[in-house]
1. Among ILE51, ILE27, which comes first, second and so on when ranked by fewest other beta-carbon atoms within 10 Å?
2. If only Cα atoms are counted, what is the Rg of segment 54-111, and what is its Dmax, in Å?
3. Taking the Cα centre of segment 32-111 as origin, sum charge times position over the Cβ atoms of Lys and Arg (+1) and Asp and Glu (-1), and report the length of that vector in debye to the nearest 20.
4. Of PHE76, PHE85, how do they rank once you tally other Cβ atoms within 10 Å and put the fewest first?
5. With a 10 Å Cβ neighbour count serving as the proxy for reagent exposure, in which order, fewest first, do LYS111, LYS34 appear?
6. Across segment 97-104, in residue order, what do the Karplus-derived ³J(HN,Hα) couplings come to in whole Hz, using 6.51 cos²θ - 1.76 cosθ + 1.60 with θ = phi - 60° and x for Gly and Pro?
7. Mind checking which aspartates and glutamates have their Cα closer than 15 Å to the Cα of LYS34? Skip sequence neighbours fewer than 8 apart in that chain.
8. Stretched out fully, how many nm does the piece from ILE20 to PHE35 gain, at 0.36 nm a residue minus the Cα gap?
Amino acid sequence: MSFTVSKKSFFAIPIALISIEIYLGVITGYFCGKFFAGKYDGCQRVKSIFINIGNYTLHIHHWIASIIIGVFAAVFNLFPFFSPFFFGVLGGLVVQDLYLDEDWRHIIIKK
């Protein structure tokens, strides 16, 4: 009998060993990001955020927004006010966007 772990689920094992609450948050964030981004089934449910700055457009991907929220929570010591599940959701959004979105690195776009 052989047991194999796919590359997609390999990252989940250490997270599940650390905290089941964070693990469930990561899974929730991943699938919510995949569902609401909609690029994969052709139905975008939440519009992307684009900010025009002169001759450039700044694309705020959800991985960037999630990191900004996490850093904000760390700088202002907001950890007691949010559950580990919440931070797991942020992590899941980051993983989903970096793993599935091919244009994740296109942040500043010249018009």
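1. Taking fewest neighbouring Cβ atoms as first place, the list is ILE51, ILE27.
2. That works out to 13.6, 42 Å for Rg and Dmax.
3. Here the size comes out at about 220 debye.
4. So the residues, fewest neighbours to most, are PHE76, PHE85.
5. LYS111, LYS34
6. Values, residue by residue: 5, 6, 7, 9, 8, 6, 9, 4 Hz.
7. Excluding near neighbours in sequence, the set is ASP97, ASP101, GLU102, ASP103.
8. Stretched out fully, the ILE20 to PHE35 stretch lengthens by 3.2 nm.
Since every read-out is calculated from the coordinates, none of them should be taken as a lab result. Owing to the predicted nature of the structure, the values given are computational and were not obtained by experimental measurement. Every residue, glycine as well, gets a Cβ built from its backbone with ideal geometry; the counts of neighbours run over all protein chains shown.
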